[in-house]
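Step one of this worksheet: look at the structure below.
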Amino acid sequence: MISPTALTRRAAPVLACIGLLAVWQVASLVLKNDSFPTAIEAIRAVPDILGDKEALINILASLRRMAMGFGVAVLFSIPLGLLMGRSRAVAAFFNPLLMVIYPVPKAALMPIIMLWLGVGDVTKTLVIFLGVSLPVIYHSFEGAKAVEEKMLWSGAAMGLSPLQRLVRIVLPAALPEILTGCRTGLVLALITMITSEMIARQSGAGNILFNALDMGQYDTVFAMIIIVGAMGICLDAIFERIRARLVRWSEPQFDMPLSFS
Amino acid sequence: MKVVPSRSSEWVKPVASQKPASAIIEIDRVSQVFQTSARKDHLALSDISLTIEEGAFVSILGPSGCGKSTLLYIVGGFVSPTSGAARIKGQAITGPGPDRGPVFQEFALFPWKTVLGNVMYGPRQQGVRASEADALSRSLIEMVGLKGYENFYPKELSGGMKQRVALARTLAYHPEVLLMDEPFGALDAHTRTRLQNDLLNIWERDRKTVLFVTHSVDEAVFLSDKVVMMSKSPGRIRQVIDIDLPRPRRRSELLLDPRYQKYVVDIERMFDESDEAGSAT
Ligand SMILES: Nc1ncnc2c1ncn2[C@@H]1O[C@H](COP(=O)(O)OP(=O)(O)OP(=O)(O)O)[C@@H](O)[C@H]1O
Ligand SMILES: [Mg+2]
């Protein structure tokens, strides 16, 4: 049995998508611009792209780089963030460094990286890595800092070594915060992935998009936007599922009503 | 090795008096200064000296903010005192260890572990086999009255229930010394009485050394061999009172015992006097 509220909650994202497409359809019919195809035309072009072997290989290559960059970034950033959160010395060393890197758009570093490492996979993966790292480091740092001291004391009294306390107390206690950072990181991975392929045009989903733009194939351009957008929504939804499962123990029990009228 | 003379068997006495009363914990002129955010030094503990005998049940009684928790943290090795030293079995305390089990005022349960997971954590860390740790933990959970809640997460428990889990979690790894910070503070009168009795039973069976912080005079007198009365700002020991009441103690008998009543009244009066002295200055 699904209650009406649960039904609304589940249907909401679908309704939002349909609404968005409807607005698009109407807008393009009204504007009647060559470079602005209708939603239906764009959707029709989607199977053409996905049916094309070349395009599919490109998209898969993009996803592979994204997974690589994201994975390495998470594996690197979580331990660093946790260490920073629990050790003043580590934080004092890395904080200024990160403050300098933080506001720099990672894509702006690409020309330099391209110069050093070429236009291939390594460069693009590195840029994705940079984009993902910062939010994950930041959230791991904040999460580790907030771990209740008495929890660590309890662990120490049970005989956990400092490293064991980091892995077995700080990590799980900070997990909700860490995963919030990872979720932001995942979306950033997608954004930097497309951006990197826009700058180093060679392969990938971004490359298909901008080639189509050059050739005036606007259906394909918008179809690619739909595909990339759908990819983002799916990845985020899958991640959210995993996240909710991992931190079920920390979710609040009650909604906080904004007023008690 | 010396051959034990056969005569020695005649010397064997009941367990409690067989042990020589040797000091297990010595607190030697400990002071604790805290740097407050106002950049003023705050003397939380001033020149505390206290010896706790092995197997003794010692309560620390005093007003809020007199440094009871701080003193417990120092014995636990979580905080090192500004001056003075604490020793366990003659060895300087330099850090926490499984020989001293804390039960914190804030519970400090692991929120990602269930009740059972929390209680099993210590024994597992100590290398006890999973099946054994499981059985031990379940019996402790039953003892603190939480049977049926094994798979609940801490956020699903009330304050008093969390407090009982914290107690079971510490008992599970068999520390020699229990450091309990108002462990029954959040409980209703009924559960409080039950757990006091359970704690006394465990204590009578294992003769662990217990350092027990409380606000309640009744509780301190009922449980303890010794009550350490503290006064505030700076935190000092006012007086140490030996509670000379027979054991095992039954609550129903004790409440009617004039000696018990006298202890309670005397201690309460002493606190009242110190309040008056404090307000006069
Ligand atoms: N980390 C700290 N930094 C600064 N001051 C502290 C710190 N910890 C404790 N204090 C101060 O030391 C004093 C004693 O604190 P403590 O927590 O030991 O009191 P307590 O006797 O346990 O009180 P309660 O019965 O309310 O738990 C208080 O005045 C408190 O403000
Ligand atoms: Mg306290």
Pairs, please: C-beta under 6 Å, at least 6 apart or cross-chain, first residue modelled with pLDDT under 90 and in region A:188-199, second outside any helix (DSSP H, G or I)? A:Glu197/A:Gly204
On the basis of being facing chain B (nearest Cβ under 10 Å) and of a type outside the set (Ser, Thr, Tyr), does A:Ala237 make the cut? no
Considering every residue within region B:37-50, establish whether at least one is away from ligand 2 (no atom under 16 Å from the Cβ) and either crowded, with 22+ Cβ neighbours inside 10 Å or within 22 Å of B:Glu219 (Cα to Cα) (or both). yes
Out of (1) open to solvent by 10 Å² or more (accessible area, probe 1.4 Å); (2) over 20 Å from B:Tyr149 (Cβ atoms); (3) away from ligand 2 (no atom under 16 Å from the Cβ), the odd one out for B:Gly101 is which? (1)
Could you list, ordered by first residue, the pairs with Cβ atoms under 7 Å in which the first is in region A:14-36 and in a loop (DSSP other than H, G, I, E, B) and the second is polar (S, T, N, Q), at least 6 apart or interchain? A:Phe36/A:Ser28
Within region A:86-105, does at least one residue satisfy the condition of being under 30 Å from B:Asp99 (Cα atoms) and within 14 Å of chain B (Cβ to nearest Cβ)? no
What number of residues within region B:55-77 are open to solvent by less than 30 Å² (accessible area, probe 1.4 Å), in a loop (DSSP other than H, G, I, E, B) and either within 16 Å of ligand 2 (Cβ to nearest atom) or touching a helix residue (DSSP H, G or I) at 6+ places or on another chain (Cβ under 6 Å) (or both)? 3
Going through region B:155-204 one residue at a time, which ones are within 14 Å of chain A (Cβ to nearest Cβ), within 14 Å of the chain's Cα centre (by Cα) and not in a helix (DSSP H, G or I)? B:His174, B:Pro175, B:Glu176, B:Val177, B:Leu178, B:Leu179, B:Met180, B:Asp181, B:Glu182, B:Pro183
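Kindly indicate whether A:Ile49 is farther than 29 Å from A:Leu179 by Cα and surrounded by 15 or more Cβ atoms within 10 Å (Cβ to Cβ). Step through it out loud before you land on a result.
Numbers: farther than 29 Å from A:Leu179 by Cα: yes; surrounded by 15 or more Cβ atoms within 10 Å (Cβ to Cβ): yes.
Yes; evaluated as a whole, the condition is true for this residue.
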B:Gln163 within 30 Å of B:Pro98 (Cβ to Cβ) and within 16 Å of ligand 1 (Cβ to nearest atom): yes
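The values are calculated or read from the model by the stated rules, or taken from the named source; none is laboratory data. Quantities reported herein were computed from a predicted structural model and do not represent experimental measurements. Neighbour counts are summed over all protein chains in view; Cβ atoms, including those assigned to glycine, are modelled from backbone coordinates with ideal geometry. Surface accessibility is based on the protein's heavy atoms, side chains included, excluding ligands, DNA and RNA. Shrake-Rupley method; radii C 1.70, N 1.55, O 1.52, S 1.80 Å.
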